[in-house]
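Worksheet: the structure to be examined is printed underneath.
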Amino acid sequence: MKKKLPIDFGHQFNGYMIDEDPSLSPPKKRFEVPDVVVSEFPSTKLWLPRVSSEKNGAYSSVYLSDGHSAVLRHDPFELFVRDDSSGDRVISLNSHGLFDFEQLKHKSEDDNWEEQFRSHTDRRPYGPQSVSFDVSFYGADYVYGIPERAASLALKPTRGPNVDESEPYRLFNLDVFEYIHDSPFGLYGSIPFMVSHGKTRGSSGFFWLNAAEMQIDVLAPGWDAESGIVLPSHRIDTFWMSEAGVVDAFFFIGPNPKDVLMQYTAVTGTPAMPQLFSIAYHQCRWNYRDEEDVEHVDSKFDELDIPYDVLWLDIEHTDGKRYFTWDRALFPHPEEMQRKLASKGRHMVTIVDPHIKRDDNFHLHKEASQKGYYVKDASGNDFDGWCWPGSSSYPDTLNPEIMSWWADKSAYQNYEGSTPSLYIWNDMNEPSVFNGPEVTMPRDVIHYGGVEHRELHNAYGYYFHMATANGLLKRGEGNDRPFVLSRALFAGSQRYGAVWTGDNTADWDHLRVSIPMVLTLGLTGMPFSGADVGGYFGNPEPELLVRWFFGYSFHIILIHQQLNKRNTELIKDAIHVRYALLPYFYTLFREANTTGVPVVRPLWMEFPSDEATFSNDEAFMVGSSLLVQGIYTERAKHASVHLPGKESWYDLRTGTVYKGGVTHKLEVTEESIPAFQRAGTIIARKDRFRQSSTQMANDPYTLVIALNSSQEAEGELYIDDGSSFNFLQGGYIHRRFIFSNGKLTSIDLAPASGSKGRYPSDAFIERIILLGHAPGSKNALVEPSNQKVDIELRPLWVLRAHSPAVTTIRRPNVWVAEDWTITVI
């Protein structure tokens, strides 16, 4: 076998690869997943020709960085990372000797490796080729990650003592119809990345770059106890098995939760910076009938004074389910329809799936067929499967030439009727094949370079997503950030757009499970995710829909439902909260773009020593400043809310202060869900509501300062043009606000302006709210203008009826882009 040990001294992670021994002349090369590890990463690795020998040559070790070493035991094979200061292990591979590598074989007349699945036959031309091993996380209390599934945030044991009937966690992208909650079975996407966390050791992570079907067991304590006596051991053991591929593994040794995410995204890429409109409210349903229907929905939002930014069209808008086309009887003027929306700052998203209708009169199919751009079946013919259009074939976007060809289809001259305000939604890209085994593509289908589908299945949707995003990037001549929503996902998908949790159901259990699903995606590099609010299947009762809206005013929102006046007002209020907090969300997405740290986070990411947070997936943090507790039961009157940390928390709606480090039993009303701002933080809001986020660009800001016990607080605000890539050349504003000793200071965090110069903004700060400030102050002094302004009791939320009065610095009118101080006097 071939073994490589690349070491990176700049980050706390290391990798390891195991492949077939080429001297044994295997029948083919095993697939190594391309275009997931970012191009910058290999240049940071050092290949060390010599290593240190330990224990008479039985072990070899390599110093990594910050007091850690990678240690290799030669026989039997084991690899682990060690904390050199304590001698303790952090993470290990094959410590329990479960490594198995089924080598590829040349088929003889006597070999029969075929497998049957209902009416389908998998030829398995190279025989069984699975790979398996164990991974141990030391000092871990829980493990998380390996999406996508509708299950708890903390992964439950699947094998061992006291484990009831269970199956391994499965990573295999599938089009799952009405998926069930609390299940280990895989859904639409797969990210083979696991994060551990414990109170004493902190966090670590393990990533296996492999796109074949994978099954992972979390082993209960005592799983390996031969005598039946379970000895105490502060570690979590896991077992990983893949159908095919190589061992291309990465260890991330933290030690903090955010460190692990930064290390992982240093390998797979940080999330793309989204356009501002795309983190606002999306209006989506299956299906808007025609242009008149679109115009009616659009005008209804204006009539109700509800902002929205995106209206979506599903498959019925096309000409006979041919993508990149329009049904001209129902949508005769698509450009004009989009321009009307764009005049209000709104956008449109249309669906483009990977299955291409096999119709000789359809130009896309004709071109793909003539050029040989389709995935091939086991006999070498274009694969023909069944999906929405009927007989369909699938582009082989693993091939760089075909990926480029597909990208060109988004060009204005190729996608007739499209405009700059139109973006794309990739559905069914697992890929879904209605007449295939498990409603997907057969495993012995052949891709570019002779790669079997079994080897890359989980990455097919990733390459399609990449090709579509590249198309929008090319369409905008590199100046417009793409927006592409994908259902399938893989490691690296964060670089190309957003994902959603698929075809959920309108019930309370699906509202409940959507929170750990989104948290898990964030923990594995995908911060831009959300769920269909109210469910895709079924019709939610009004109370459920309102609860979903309030919870998802802190996530992506996609919905359509008829409601009475009272519930409409409640949902309108939830959407207004979302729009008010857009500056804070956009700042968090910039943080994710630069560090990989998710926008929506489990509580333990911010409070890593608080054991009460480790398995809590009913509440979540939005950044480091806001805590949200969902309501998941019908007619709930009370909620139990754990507010971690030593500092206080302020109710986001009322400003009421609550003690930290305590679990509170709070009354719940229909008007909101429990949400709190952390003492010691400052967040920026925009309190004027327009038809869309685009129209809010130059609106003034409100700063909400939540003072801690030392009467201090700080926070950040990031601003750019919301759409272009000018921010990469310095075209942005980044401010830090610090309140201390009665003075608020605005500090510039942006480096010296780049080629594009600073982003010019006419926005100013019109209100500064002081939560927790001692009463009595009447004025504040603004410098350098030497202007005295009033301090008064004003509503916490200007446009909300009966909002409590709080201490407010009125009309300081300082420019958001400039340095200044405001001192309470």
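Counting only protein heavy atoms, what percent of the accessible surface of the chain is carbon or sulfur at a 1.4 Å probe?
Values: 15150 of 31270 Å².
After summing per-atom areas, the C and S share lands at 48 percent.
Roughly speaking, what is the stretch gain from residue 85 to residue 748, that is 0.36 nm per residue apart minus the C-alpha to C-alpha distance, in nm to one decimal?
Working: separation 663, 0.36 × 663 = 238.68 nm, distance 3.87 nm.
Gain on stretching residue 85 to residue 748: 234.8 nm.
Quick check on my link table: of 107/357; 344/778; 321/376; 572/637, which ones sit more than 29 Å apart, alpha carbon to alpha carbon?
Details: 107/357 36 Å; 344/778 41 Å; 321/376 22 Å; 572/637 22 Å.
The answer is 107/357; 344/778.
What do you get for Rg/Rh over region 91-208 if you use C-alpha atoms and the Kirkwood form of Rh?
1.04
How large is the accessible surface per residue of the chain, computed with a 1.4 Å probe and reported in Å² as a whole number?
Details: 31270 Å² over 825 residues.
Here the residues of the chain average 38 Å² of exposed surface.
If we sort 36-42, 56-62 on the protection proxy, mean other Cβ atoms within 10 Å, highest first, what's the order? Spell out each step's value before the answer.
Values: 36-42: 15.0, 56-62: 13.3.
Ranked by mean Cβ neighbours within 10 Å, highest first: 36-42, 56-62.
By how many nm would the segment from residue 21 to residue 302 lengthen if fully extended, with 0.36 nm per residue of separation less the alpha-carbon distance? List each step's numbers first, then the result.
Working: separation 281, 0.36 × 281 = 101.16 nm, distance 6.58 nm.
So the chain would gain 94.6 nm between residue 21 and residue 302.
Share of antiparallel DSSP beta bridges in region 604-824, in percent to the nearest 5? Walk me through the numbers before you get to the answer.
Details: 59 of 66 bridges.
In region 604-824, approximately 90 percent of DSSP beta bridges are antiparallel ones.
Straight-line reach from residue 199: which lysines have Cα under 25 Å away, leaving out those fewer than 8 places along the same chain?
156, 258, 646, 659
Mind ordering 776-788, 309-321 by average Cβ neighbours within 10 Å, highest first?
Values: 776-788: 13.1, 309-321: 20.3.
Output ranking for 776-788, 309-321: 309-321, 776-788.
With a Förster radius of 22 Å, plug the Cβ-Cβ distance of residue 818 and residue 740 into 1/(1 + (r/R0)^6) and report the FRET value to the nearest 0.05.
Efficiency, rounded to the nearest 0.05: 0.65.
Report for the chain the percent antiparallel among DSSP-assigned beta bridges with both residues inside it, nearest 5. Don't skip to the answer; put the middle values down first.
Working: 143 of 174 bridges.
Expressed as a percentage, antiparallel bridges in the chain total about 80.
Could you let me know the centre-to-centre spacing of region 782-800 and region 665-717, using Cα atoms, in angstrom?
Centre-to-centre distance over Cα atoms comes out at 16 Å.
Enumerate by residue number the GluC sites (Glu not before Pro) in region 52-142 meeting two conditions: DSSP loop (anything except H, G, I, E, B), and at most 11 other Cβ atoms within 10 Å of the site's Cβ. Kindly include the intermediate steps, with their values, before the conclusion.
Numbers: sites: 54, 78, 102, 109, 114, 115; in loops: 102, 109, 114.
Filter output for region 52-142: 109, 114.
So between residue 117 and residue 75, what do we pick up on full extension, going 0.36 nm a residue minus the alpha carbon distance?
Numbers: separation 42, 0.36 × 42 = 15.12 nm, distance 3.91 nm.
Separation in residues times 0.36 nm, less the Cα-Cα distance, equals 11.2 nm.
Report the calculated FRET efficiency for residue 109 and residue 293 (r = Cβ-Cβ distance, R0 = 56 Å), to the nearest 0.05. It would help to have the intermediate numbers written out before the result.
Details: r = 63 Å, r/R0 = 1.12.
Using R0 = 56 Å, I get an efficiency of 0.35.
Which value in nm describes the separation of the simple spin-label points at residue 369 and residue 565, placed 7 Å from the Cα toward the beta carbon?
Label at residue 369, label at residue 565, 5.9 nm between them.
From the residues 708, 655, 641, which one has its Cα farthest along the dipole of region 633-737 in the positive direction, the dipole being from +1 and -1 charges on Cβ of Lys/Arg and Asp/Glu about the Cα centre?
641
Considering the zone a paramagnetic label at residue 787 would reach in this model (a point 7 Å from Cα along the Cα-to-Cβ line), which residues of region 726-766 have amide N under 14 Å from it?
Correct set: 763-766.
Computed FRET efficiency, Cβ-Cβ of residue 594 and residue 697, R0 25 Å: what is it to the nearest 0.05?
Efficiency at R0 = 25 Å is approximately 0.65.
Once every DSSP H run of n ≥ 4 in the chain is given -39500 (n - 2.57) and the sum is divided by its residues, what mean residue ellipticity at 222 nm do you get, rounded to the nearest 500 deg cm²/dmol?
On the way: 12 runs with 134 residues, N = 825.
Result for the chain: -5000 deg cm²/dmol, rounded to the nearest 500.
The values are calculated or read from the model by the stated rules, or taken from the named source; none is laboratory data. On a predicted model such as this, the values are computed, not experimentally measured, just so you know. Here the Cβ is made from the backbone with ideal geometry for all residues, glycine too, and neighbour counts use every protein chain on show. Just the protein is used for accessible areas: all its heavy atoms, side chains included, with ligands, DNA and RNA removed. Shrake-Rupley method; radii C 1.70, N 1.55, O 1.52, S 1.80 Å.
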